[in-house]
Amino acid sequence: MKKKTICSALLLTSAVLILGACGSDKKAKDGEGDVTTLTFFNKDLQKDDKFDNPVAKEITKKTGVKLEISHPVGGDEQAIPLMIASGDYPDIIFGKGDLNKLIDANAVIPLDEMIEKKGDNIKKLYGDQLDRLRNSLDDPQIYHLGTGGVENAYYKTSGTFSIQLDVLKELGYPEIRTLDDFEKAIAAYKEKYPEIDGQETIGLSLLGSDWRWLITVGNPAGFASGLQDDGQWAVDDKTGETVYKFQLPEFKEYFKWLNSMNAKGLLDPESFTQKADTYIAKLSSGRVLGIADQDWNYQDAVKNLKADDKEWRLYAPLPVTLNENLLSQGVKDYGFTGTTGVSISSTSENQDKAFEFLNWMASEEAQILVNWGVEGVNYDIKDGKRVAKPEDLKASQTDTNYQTKTGIGAYGWPFPQWGTAAVDSAGQSISRDTKEQVINDFTDAEKEVLAEYDAELWVDLFPKPEELGTSDHGKAYEYVLPSESDASIIQTKADDYVTQTVTKAILADPQDFDKIWEDMQKELEKIGIEKANNEMTQLTQDRIKLWSGEFKK
């Protein structure tokens, strides 16, 4: 195999940094002996990671492994197919939704035997949830180590809808439970304060110009409808019936509401044209009153607001739904869903080393390191307990480059994770996000607002996990579809069409909305959405059987 030639072709043809596909058996000398370089492709990564921050260096010191990390450029989806076409793979692959393509191409290896023989840390981490890593009823082998915490506590929520703290304070801390409540609060504040710091006040701003359309436009429609996050699907957990969510009448109601918000001048007119940096800049300025977004997508704005002492312009996540009869799923317990994670390639010359590295990443030592950082640098031991250094804690809240600089939080996902509720052998939290720490991290403004609502945490405003129940199928957006699946092709066509058509409907004259929606439903039928619904329903039912252990019967 001519590795240099293939890698050059990939770089030129796909504009993807497949650096990890070349030279997988390299060894380099450091001050303490040989270091094995393992190539690692991370489909989720959006920017370079040189693996040279303090946490990365400590990982190398402990394992003798340095990761050479590559990733797609510009959201390119052809990286995995091009790897398969070349037959040249990195040592470790996070293929996400392309895992079955890799399995069908014999590009990744089953891990069952390795786990049984030398995967003590892995077996301890997953425990009785190990079966949830199995591929399918027909092929119940384990080809990846699932990410996402196995044991999780719910001290935070991304919040489907969030509103500025100052809006709540100015209006006397009203109960905001429905879209109507949310709209009235935004409208009242905007009317009273048409400008903030000399700039026009924006009611609700979305980021619908790229893939984030899914999380700021599509997903909030489901949350407002009282649905859990199943990506583009709506699932009946009892029967397994799965349908394309944009067919639901509740979604029509939500988008019609956005249409009215636009007509009233309460929706940012640039919601479907602005780029991510413009969106973050607007939020950072403090003039956007409401958002419908995941916290990880706007954390840079939060840090900027804190750094600029604009704490009253921070956001309060709220359990907003279409009406009071629906429950927000903001703190839904999905159970361990690790359907996506890292695999070891069949062409790697370092399969044993790669597995040993991943097994170490599942250890207590590794979990403390990736979550807390380096002792004496990021935290100290006081009275036998880990305590984050004040300067490090402040940096984590105000420095947008904190993760890149320190490595803290950079190597949890997509590797095995104990979870936010897990404790180490000394009974201390593996995560820095304990209830006490989350409360301590709140600004004075946040604490003041929470006190007015008789709450300690924002999640106290949401329905409790035990009230919502646990999902038997996990999350539909994590399904790894069979490579011969029609559902994947149909969904891609439907998503492209819906993104454009729903955007058009939101921005249309209100009298034209119903017609656009009706035409969209007819077109979805032509695309073949019912066939996709049937296939996804079968996958859901199979997933429930697989996770219940029926593959053993």
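A short reminder: the numbers here are calculations on the coordinates, not readings from a lab. For clarity, every value in this text was computed on a predicted model and none was experimentally measured. Glycine also receives a Cβ, built like all others from the backbone with ideal geometry; neighbour counts cover every protein chain displayed.
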| said: I want to check the label-to-label distance for Asp433 and Ser136. Put each point 7 Å from Cα in the C-beta direction and report it in nm to one decimal. | reply: 3.3
| message | Can you give me the distance in nm between label points at Ala276 and Gln511, each placed 7 Å from the Cα along the Cα-to-Cβ direction? | response | 4.1
| query | What GluC sites (Glu not before Pro) in segment 52-127 are in a loop by DSSP, with at most 15 other Cβ atoms within 10 Å of the Cβ? | reply | Glu77
| request: Could you tell me which GluC sites (Glu not before Pro) in segment 346-403 are loop residues by DSSP with no more than 14 other beta carbons within 10 angstrom of their beta carbon? | output: Glu349
| Can you pull the Kirkwood radius for segment 460-518, inverse mean 1/r over Cα pairs, to one decimal in Å? | 15.2
| request: Specify the angular offset, from 0 to 90 degrees and rounded to the nearest 10, of the alpha carbon long axis of helix 276-285 from the longest principal axis of the alpha carbons in the chain. | output: 50
| task | Evaluate the charge dipole of the chain about its Cα centre and quote only its size in Debye, nearest 20, assuming +1 on the Cβ of each Lys and Arg and -1 on the Cβ of each Asp and Glu. | result | 1220
| request: Could you list the trypsin sites (Lys or Arg not before Pro) in segment 205-251 that lie in coil according to DSSP, counting only those with at most 12 other Cβ atoms within 10 Å of their Cβ? | output: Lys238
| remark: With the 8 Å Cα cutoff and a minimum separation of six or more residues, the chain has a relative contact order in percent of 22
| Long-range lysine pairs (8 or more apart or interchain), segment 481-552, Cα under 20 Å | 9
| said: For a test of the definition: using alpha carbon positions, the gyration tensor, and the 1.5 limit on a/c, classify segment 481-552 as rounded, prolate or oblate. | reply: prolate
| field | Surrounding net charge for Gly95, when Lys and Arg each add one and Asp and Glu each subtract one, Cβ distance under 12 Å | value | -1
| remark: Unit-weight point scatterers at every alpha-carbon of segment 171-303, Debye formula, q = 0.21 1/Å: log10 I(q)/I(0) is -1.36
